[in-house]
Amino acid sequence: MLRSLTRLGSALFCLTLAVTAAAQDGYRQPPAPIAQILDAARTPIVSVSPDRATLLLQERDEMPSIAELAAPEARLAGLRINPRTNAASRATTFKGLRLLRIGARGAEPERRIALPPGASVGNITWARDGGRIAFTMAGDSGLTLWLANVGSATARQLSAAKLNAAMGAPCTWIDSSRLVCRFVPANRGAAPAEFSVPKGPVIQQSMGRAAANRTYQDLLQNAADEARFEYLATSQIAIVSADGSMNPIGGPGIYTTVDPSPDGRYLVLNAVQRPYSYVVTVGSFPSTIALWDLSGAVVKTLAQRPLRDDVGTSFDAVPRGMRVGGWRSDAPATLWWVEALDEGDPSRPAEKRDRVYTLSSPFTGEPSILLDVELRSRGVQWVREDLALVSESWSKTRRTRTWAVDPRNPAAPPRLIFDRSSEDRYANPGSFVTVVGPFGERVVLTSADGRFAYLQGTGASPEGDRPFLDRIELSTGKTERLWRSEAPYYEQIVAVLDDAAARVVTQRESLKDPPNYFLRDIRANRLTQLTRFADPAPQYAAVEPRLITYKRDDGVQLSAKLYLPPGYTPAQGPLPFLFWAYPEEFRSAAAAAQVVGSPYRFVRPAGTSHLFLLTQGYGILDGPTMPIIGEGDREPNDAYIEQLVSSAKAAVDEVVRLGVADRNRIGVGGHSYGAFMTANLLAHSDLFRAGIARSGAYNRTLTPFGFQAEERTFWQARDTYGAMSPFYYADRINEPILLIHGEADNNSGTFPIQSERMYAALMGNKGTVRYVVLPAEAHGYAARESVGHTLWEMVNWLDTYVKHAPRPAAPVTVRD
């Protein structure tokens, strides 16, 4: 539905929430130097060309204004579409593009791609050979397709026709000289009216069929919504050549994916069809998966998928029929996909749950079985003709396995490569390094003789994350460490440049050095800097965070990053503090106790970061782990409150023991599930003087079919849902709490009504509470005015109720 609020409308909306609402006095700005840091130039985003020879530096636009964010927006079927551009709204855009070629000894001189003044670039995609870059350019009437030549650093408009990016990136390379794109149909006509006189009631019914779904935003609500959805989502497929010629194929349709085969002869398309649903998003609507040739003729209908509103809420539940899949990246034209053997129902007993199929051109025979797996198939990585890697996992137990199979001989027994717990970070072997293969798609990189592949990972360890590069012998699974990040730096692999993994591109940073890209010769132990990005916030140069560990009452080790304000010395005594956290569920205490993060990361605040409070004299405990553990048959959330409070108390005790925090001046905050945590800590303990809860959910009966990692429904775990809902305990929150919420929050479960009702509950129970609604903002806040105002609210709240709070008459306690 097309919805937009003017500032006046937003103000009236906020004033109706309660008779005690604060007067609307416009957006406020945070104190210095926060505003100056917010407006500093943003560090470019870097991507590596498929041939691993060039870096593309993408210069990000500044934060949008509230006028841009509040522009008309169609919120339909889980999508948010800008009707002016017919593209996803709130998308990341860039104002400039620069090329940096990687030479034998380092970077060659940087070249800027010439773009029109005021360019707004998006949907950037490299050609398979790295010689061209396609991208979209936003104009007053829509998106057009542009092409940059890497060799000459020039760009030109390839077609004046308007692209349709409602379903995401509109173009995909077929080969290095042709793209397949989705365009707005030439004869589309005028848009349907946003509002019309109803022709009757909107009726939904369910006749005894179980169809449990989590809560979603921006759903279709009526026939007018359906008409607008079809108008904006319908596209015409066309083949576009590098010379600008365009050949439309097939008829208009709502195509969610268009995937060319590696040999460039076929397309796989997923076309959405009626009947639509008012309870799930477009990804679950009925659809047809079809195979076309490049003339638009249907070669084969692969699947007719019905409405998928009955999959269930378990993380191991999947739709019946064809799912996942795509093209074999190491073959000219071979499809692969997965189908459930247990009807997609994880509660059904089954020896094997998923089957992986393949089907090769000309697609006339029966599909071949590649592998049956005991868990849920999570994908296939293709290595070469005689080797593929199939992954499977089971969310409930956190078990994950990887198998080596021979696609030429599927009857041969698979070899187990990895078998581990997905939550055991220390034992994570990393992920296979991939490169663009001979068919222009990503395949697993192997040594010249085919004996070895390569693994890269974060390298979690008791001393923190230390990224690594390993070599793995494919026949035995034995690994050898080739390189590991060394203190005092945090360095991670970006690209491997040769099949011996002797030369790599890395991103390297330290506490003082901003992330930059380097050419590392592993064998010669030589490092050459490629980029020289500056510190975006030098005001933080004197901040030296510490990675600390401590234990809670049950012996589980916890960790956190401790930040102290620039120039702090012990002689200043204990500081006012802010804890900013986000709980996480675990199936084992051992995994929950593992250290998270690195002491050597370069950290600078951006957006609405709580780290801005360091400039205002606060200490920050960033990301104190709050593990919620359920071992064996016990569900983690059945002891959520006890474990949450215990973790928080341990963190408070530790910073007080270190002498840096004043026990009586500690605030707590979080975003989303962290906001939920904040309200619960204020309801069930007296550890904190005040709280900040942004974009949270507080009443779990409003998310009755599961939330976060909770798979049980409200009716299966009534007591747990109630015990975890701080709304139920609003009368026990006797500390000041600041509630902030985006008016257009589209995150599953965090409807704005969650904060609205929590505010009403606190106000009705004499609570000290301030409720801020940010017009036009979603789950995360984007507009410069909104970001600045949010930070102003946070500083003002903490100054009032934490920094300058009177000392309590009674000692701090943990409530029963």
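The values are calculated or read from the model by the stated rules, or taken from the named source; none is laboratory data. Small disclaimer: the values here were computed from a predicted structure and weren't measured. In this analysis, Cβ positions are derived from the backbone assuming ideal geometry, glycine residues included, and neighbour counts consider all displayed protein chains. We work out accessible area using only protein heavy atoms, side chains counted, and drop any ligands, DNA or RNA first. Shrake-Rupley method; radii C 1.70, N 1.55, O 1.52, S 1.80 Å.
Filtering segment 393-406 to residues that are open to solvent by less than 70 Å² (accessible area, probe 1.4 Å) and either of a type in the set (Lys, Arg) or touching a strand residue (DSSP E or B) at 6+ places or on another chain (Cβ under 7 Å) (or both) leaves 393, 394, 398, 400, 401, 402, 403, 404, 405, 406. Restricting the first member to segment 144-163 and to residues that are within 24 Å of residue 102 (Cβ to Cβ) and in a strand (DSSP E or B), and the second to residues that are β-branched (Val, Ile, Thr) and open to solvent by 10 Å² or more (accessible area, probe 1.4 Å), the beta-carbon pairs closer than 8 Å and six or more apart or on different chains are 148/154. State whether one or more residues within segment 644-651 are free of Cβ contacts under 8 Å to residues at least 60 places away in the same chain, open to solvent by less than 40 Å² (accessible area, probe 1.4 Å) and in a helix (DSSP H, G or I). No, because not a single residue in segment 644-651 is free of Cβ contacts under 8 Å to residues at least 60 places away in the same chain, open to solvent by less than 40 Å² (accessible area, probe 1.4 Å) and in a helix (DSSP H, G or I).
Are any residues in segment 528-544 more than 20 Å from residue 599 (Cα to Cα) and surrounded by 14 or more Cβ atoms within 10 Å (Cβ to Cβ), and if so, which ones? Answer for segment 528-544, where residues must be more than 20 Å from residue 599 (Cα to Cα) and surrounded by 14 or more Cβ atoms within 10 Å (Cβ to Cβ): 528, 530, 531, 533. A count restricted to segment 439-492 and to residues that are closer than 30 Å to residue 545 by Cβ and either in contact (Cβ under 8 Å) with a residue 60 or more places away in the chain or within 26 Å of the chain's Cα centre (by Cα) (or both) stands at 22. Residues being surrounded by 20 or more Cβ atoms within 10 Å (Cβ to Cβ), under 24 Å from residue 144 (Cβ atoms) and of a type outside the set (Asp, Glu) are entirely absent from segment 190-202. Condition check for residue 518 on (1) within 25 Å of residue 463 (Cα to Cα); (2) touching a residue at least 60 places away in the same chain (Cβ under 8 Å); (3) of a type outside the set (Ser, Thr, Tyr): one failure, at (2).
On the stretch given as segment 407-458, residues that are of a type in the set (D, E, K, R), over 15 Å from residue 477 (Cα atoms) and open to solvent by 40 Å² or more (accessible area, probe 1.4 Å) total 6. Mind checking whether some residue in segment 369-392 is more than 29 Å from the chain's Cα centre (by Cα), open to solvent by 40 Å² or more (accessible area, probe 1.4 Å), closer than 28 Å to residue 312 by Cβ and not charged (D, E, K, R)? For segment 369-392, residues more than 29 Å from the chain's Cα centre (by Cα), open to solvent by 40 Å² or more (accessible area, probe 1.4 Å), closer than 28 Å to residue 312 by Cβ and not charged (D, E, K, R): present.
Here the condition is being within 24 Å of the chain's Cα centre (by Cα), of a type in the set (Ser, Thr, Tyr) and outside any helix (DSSP H, G or I); of 786, 748, it holds for 748 alone. Within segment 652-670, being surrounded by fewer than 17 Cβ atoms within 10 Å (Cβ to Cβ) and assigned to a loop (DSSP other than H, G, I, E, B) holds for 658, 659.
Of all residues in segment 574-593, those that are assigned to a loop (DSSP other than H, G, I, E, B) and open to solvent by 20 Å² or more (accessible area, probe 1.4 Å) total 5. Checking segment 722-737 against the condition returns a match, with at least one residue being within 26 Å of the chain's Cα centre (by Cα), crowded, with 19+ Cβ neighbours inside 10 Å and over 30 Å from residue 605 (Cβ atoms).
The rows are residues; the columns are (1) among the charged types (D, E, K, R); (2) touching a residue at least 12 places away in the same chain (Cβ under 8 Å); (3) assigned to a helix (DSSP H, G or I).
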| position | (1), (2), (3) |
| --- | --- |
| 704 | no, yes, no |
| 721 | no, yes, yes |
| 735 | yes, yes, no |
| 740 | no, yes, no |
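Condition first: assigned to a loop (DSSP other than H, G, I, E, B), more than 27 Å from residue 51 (Cβ to Cβ), modelled with pLDDT of 95 or more and out of contact with any Ser or Thr (no Cβ under 6 Å at 6 or more places or on another chain). Can you find one or more residues in segment 90-113 that meet it? For segment 90-113, residues assigned to a loop (DSSP other than H, G, I, E, B), more than 27 Å from residue 51 (Cβ to Cβ), modelled with pLDDT of 95 or more and out of contact with any Ser or Thr (no Cβ under 6 Å at 6 or more places or on another chain): absent.
If you go through segment 477-507 and pick out every residue that is within 23 Å of residue 406 (Cα to Cα), open to solvent by 30 Å² or more (accessible area, probe 1.4 Å) and outside any strand (DSSP E or B), you end up with 2. Just to be sure before I move on: is residue 601 out of contact with any His (no Cβ under 7 Å at 6 or more places or on another chain), open to solvent by 40 Å² or more (accessible area, probe 1.4 Å), over 23 Å from residue 687 (Cβ atoms) and touching a residue at least 60 places away in the same chain (Cβ under 8 Å) in the structure I sent? Considered against the rule, which asks whether it is out of contact with any His (no Cβ under 7 Å at 6 or more places or on another chain), open to solvent by 40 Å² or more (accessible area, probe 1.4 Å), over 23 Å from residue 687 (Cβ atoms) and touching a residue at least 60 places away in the same chain (Cβ under 8 Å), residue 601 comes out as yes.
Name every residue in segment 172-222 that is closer than 30 Å to residue 132 by Cα and in a loop (DSSP other than H, G, I, E, B), in order of residue number. 174, 175, 176, 177, 184, 185, 186, listed by residue number. Just one of the listed residues (621, 562, 547) is open to solvent by 10 Å² or more (accessible area, probe 1.4 Å), touching a residue at least 60 places away in the same chain (Cβ under 8 Å), assigned to a strand (DSSP E or B) and of a type outside the set (Gly, Ala, Ser), and it is 547. Given the condition buried (at least 16 other Cβ atoms within 10 Å of the Cβ), hydroxyl-bearing (Ser, Thr, Tyr), touching a Ser or Thr at 6+ places or on another chain (Cβ under 8 Å) and modelled with pLDDT under 95, answer yes or no: does some residue in segment 145-159 qualify? Within segment 145-159 (the criterion being buried (at least 16 other Cβ atoms within 10 Å of the Cβ), hydroxyl-bearing (Ser, Thr, Tyr), touching a Ser or Thr at 6+ places or on another chain (Cβ under 8 Å) and modelled with pLDDT under 95), the answer is yes, since at least one residue qualifies. Restricting the first member to segment 273-286 and to residues that are free of Cβ contacts under 8 Å to residues at least 12 places away in the same chain, and the second to residues that are open to solvent by 30 Å² or more (accessible area, probe 1.4 Å) and part of a loop (DSSP other than H, G, I, E, B), no beta-carbon pair is closer than 9 Å while six or more apart or on different chains.
Looking across segment 54-77, the residues that are in a helix (DSSP H, G or I) and either of a type in the set (Val, Ile, Thr) or touching a residue at least 40 places away in the same chain (Cβ under 8 Å) (or both) come down to 66, 68, 69. Residues in segment 303-344 that are in a strand (DSSP E or B), of a type in the set (Gly, Ala, Ser) and under 19 Å from residue 382 (Cβ atoms): 2 in all.
If the condition is being aromatic (Phe, Trp, Tyr) and without any contact (Cβ under 8 Å) to a residue 40 or more places away in the chain, then segment 200-229 contributes no residue at all.
Beta carbons closer than 7 Å, at least 6 apart along the sequence or on distinct chains, pair a first residue in segment 372-388 that is in contact (Cβ under 8 Å) with a residue 60 or more places away in the chain with a second that is among the acidic types (Asp, Glu) and open to solvent by less than 10 Å² (accessible area, probe 1.4 Å) for 376/316; 376/354; 376/392. Within segment 671-700, being among the aliphatic types (A, V, I, L, M), closer than 20 Å to residue 781 by Cα and part of a strand (DSSP E or B) holds for 692, 693. The criterion of at least 1 residues that are more than 30 Å from residue 315 (Cα to Cα) is met, among strands (runs of 3 or more DSSP E) falling completely within segment 399-476, by 434-436, 452-457, 468-473.
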